[in-house]
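Data block below; observations after.
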Amino acid sequence: MEIIHVSAECYPVAKVGGLADVVGALPKYQNKLGHIAKVVVPAYDTKFIRENDFEVTYDAWANYGNNHFQFRVFKEKTNKLGFDLYIVHIQGLTDRPNVYGYADDTERFIAFQIAVLDWIVQWEHRPDVIHCHDHHTGLIPFMVTNSVKYATISTVPTVLTIHNAQYQGQFGWDKLYYLPAFDLWKSGLLEWDKDINPLASAIKCAWRVTTVSPSYLEEMMNNARGLESLLRQERYKCVGILNGIDTEVWNPETDPMLGKSYNIKTVEAGKLANKTALCNVFQLDPSKPLFTFIGRLVDEKGADLLPDIFYTALQQHGDNINVLVLGSGDNWVEGRLNQLKDIFGGKYNAYIGYNEQVSHEMYAGADFLLMPSRVEPCGLNQLYALRYGTVPIVRRVGGLKDTVVDIGDGGFGICHDQTSIWDVTHAINRSIELYNDKKKFKAVRKTMMKIDHSWDRAALNYTELYQILK
Ligand SMILES: Nc1ncnc2c1ncn2[C@@H]1O[C@H](COP(=O)(O)OP(=O)(O)O[C@H]2O[C@H](CO)[C@@H](O)[C@H](O)[C@H]2O)[C@@H](O)[C@H]1O
């Protein structure tokens, strides 16, 4: 089958969070199953795009409201990612250093989606599936079935994967004129809560909707930022498929970003070497347990509570723990996390910013990784932690609930029920007990590292889904 993934992010081309990891890995595993999986993303001004070779495969003009724009589709020449990568360049709109965060993001992603469909519609053949990811590509299912100019591809199945329903991309009806012509009586398919809502529209129009874990699908029926009733109505076409991880990128035995590589047999020495190096850089003490957090500093991740959680834990445990944070996001949280450095120097540090290399070093060097998320559609950090022998401390929610079993239930992680300071500091207390029980701690590390979360299984699940659509 030929599958074309359309996304705003793809690792290593452009990454903000977990969406990039999924789109950079799933197609590779689909190709291994004998499919032809391709990825198309906007041509941002990123390092990967600047440093790799692309050739033009399509060059055209597209209508855009009362105006038009020129776009070029480039293909990466060497297939180095394990799939055909296409980037769509629209001068002045896509060619910027960041993926999101501009005042005209709505216009940028509408233009991108139009360019993608203008390109696909003139192919000599039809793809078997157009697979859209999150709201940035959420207008595609509507446009494919309803826009007059895409009539020749209107029978191509579309699939939407919801990586995070917290973000829906709503915009006002004043921007409707950007969309290619369609019968106006179909406008209701774009609408949710008085706005044009790309995520809601995709839930209505895509042939199938997937979420990135089974538990998140169930939770969304009651908690999906206003989309609950829509999801309940469309439940029949939704399925939860748990994400995998790219075990070629996330492998402590071959990871080029680590100072010392290791495997299940050498995990103790390997982790200690990485921890020591990390602690040297961040002025921490490698003889004490190292608690970490990696991620976007936003409320859904429980980041607003982190400063108080760490303050309480560091007060309680005096000189017996280290904490290291890597993240960026909410300015207030960033500021408070920075302030803690002055209070707890030598046992606490924070890297405010985005750094792929430091994240790998932390998965390898940490003893524990905290994820006190309020909402977690799947979560990849805990899967990376497991593979790197780092014990995840997670709230029982979404994909965290589906992938981490508490040590008290014969498992390998530390779980808590609420995103609260009390719950998380209690979980930290339990983690210290585990850390001090050296025999058990070593056994837990080995158990975690044996778990297989590679994309092989999920890639098969997606194949089964596409086959229903044929
Ligand atoms: N400051 C920083 N520096 C370096 N690396 C950083 C970083 N901040 C985050 N990362 C990296 O970004 C990724 C985060 O992935 P997650 O899946 O945990 O969250 P995210 O909310 O972005 O993804 C959404 O989509 C994914 C994919 O479907 C779901 O798993 C998830 O639940 C959903 O919220 C990881 O690779 C992590 O290492």
Review point. Within the stretch 36-55, can one find any residue that is aromatic (Phe, Trp, Tyr) and away from the ligand (no atom under 16 Å from the Cβ)?
Key: yes
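One line per residue, one yes/no per condition, for (1) closer than 28 Å to TYR262 by Cα; (2) under 23 Å from the mean Cα position of the chain (by Cα); (3) assigned by TED's automatic domain parsing to the domain that holds THR292:
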| position | (1), (2), (3) |
| --- | --- |
| THR312 | no, no, yes |
| GLY327 | yes, yes, yes |
| GLN357 | yes, yes, yes |
| MET362 | yes, yes, yes |
| VAL375 | no, yes, yes |
| GLY379 | yes, yes, yes |
| ARG395 | no, yes, yes |
| THR403 | yes, yes, yes |
| ASP406 | yes, no, yes |
**Study point:** Test set (1) out of contact with any Lys or Arg (no Cβ under 7 Å at 6 or more places or on another chain); (2) crowded, with 18+ Cβ neighbours inside 10 Å - LYS149 fails condition number
**Key:** (2)
Revision key, fill the gap. Checked LEU284, LEU278, LEU290, LEU272 against criteria (in the same structural domain as MET371 (by TED's automatic domain parsing), aliphatic (A, V, I, L, M) and surrounded by fewer than 18 Cβ atoms within 10 Å (Cβ to Cβ)); the one match is LEU272
Revision key, fill the gap. Filtering strands (runs of 3 or more DSSP E) wholly in the stretch 313-373 for at least 1 residues that are at positive phi and either within 12 Å of the ligand (Cβ to nearest atom) or acidic (Asp, Glu) (or both) gives 322-329
Practice item. Report, by residue number, each residue of the stretch 41-59 that is surrounded by fewer than 24 Cβ atoms within 10 Å (Cβ to Cβ) and not in a loop (DSSP other than H, G, I, E, B). Key: LYS47, PHE48, ILE49, ARG50, GLU51, PHE54, GLU55, VAL56, THR57, TYR58, ASP59
Review point. Is at least one residue of the stretch 128-136 without any contact (Cβ under 8 Å) to a residue 60 or more places away in the chain, surrounded by 13 or more Cβ atoms within 10 Å (Cβ to Cβ) and not hydrophobic (A, V, I, L, M, F, W, C)?
Key: no
Practice item. Please identify the pairs in which a residue from the stretch 276-305 that is within 23 Å of PRO372 (Cα to Cα) and away from the ligand (no atom under 14 Å from the Cβ) has its Cβ atom under 7 Å from the Cβ atom of a residue that is in a loop (DSSP other than H, G, I, E, B) and of a type in the set (Ser, Thr, Tyr), counting only partners at least 6 apart or on another chain. Key: LEU305/THR419
Review point. Looking only at the stretch 393-406, which residues are of a type outside the set (A, V, I, L, M, F, W, C) and either surrounded by fewer than 24 Cβ atoms within 10 Å (Cβ to Cβ) or not in a strand (DSSP E or B) (or both)?
Key: ARG396, GLY398, GLY399, LYS401, ASP402, THR403, ASP406
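The values are calculated or read from the model by the stated rules, or taken from the named source; none is laboratory data. Please read these numbers as outputs of a predicted model, since none were measured by experiment. Heads up, the Cβs are rebuilt from the backbone with ideal geometry, glycines too, and the neighbour counts pull from every protein chain shown.
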